[in-house]
Amino acid sequence: MFPKKTLGLNQKDIYDDLDRIRLFRNRIAHHEALCFNRSGRIYVDYVQRIYDLVVKYIDFMGYETNELFYGVETPVSTIYKIKELEAAI
């Protein structure tokens, strides 16, 4: 399933990573705020980490991320804009 996975990455690590992605997907499906922490402060590091995991597993499957996301706005630019807003506060 992951022909290009990192050597030494075991099944438990893969399961844990995919579970993190699943939980994030559930937050999206339930319309939860994704760019705030529990105290209501702007926090996009969680979103960035999950996006990085998604990209990692796309790469592990042998797809070129840039080609797959061509023409699609990725979270990277939005995260950058949010961090700029946070810095201005």
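The values are calculated or read from the model by the stated rules, or taken from the named source; none is laboratory data. In this text the structure is predicted, and so the values were computed from the model without any measurement. We place every Cβ from the backbone using ideal geometry, glycine too, and count neighbours over all the protein chains shown.
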Meets criteria (surrounded by 13 or more Cβ atoms within 10 Å (Cβ to Cβ), modelled with pLDDT of 90 or more and hydrophobic (A, V, I, L, M, F, W, C)) for Ile42:
no
Taking His30 and the conditions (1) modelled with pLDDT of 90 or more; (2) more than 22 Å from Ile82 (Cα to Cα), which numbered condition does it fall short on, given that it satisfies the others?
(2)
Is there any pair linking a residue in region 1-21 that is over 16 Å from Val54 (Cβ atoms) to one that is outside any loop (DSSP other than H, G, I, E, B), with Cβ under 8 Å and at least six apart or on different chains, and which?
Pro3/Phe60
3 or more residues under 12 Å from the mean Cα position of the chain (by Cα): qualifying helices (runs of 4 or more DSSP H) within the chain
11-29, 45-60, 75-88
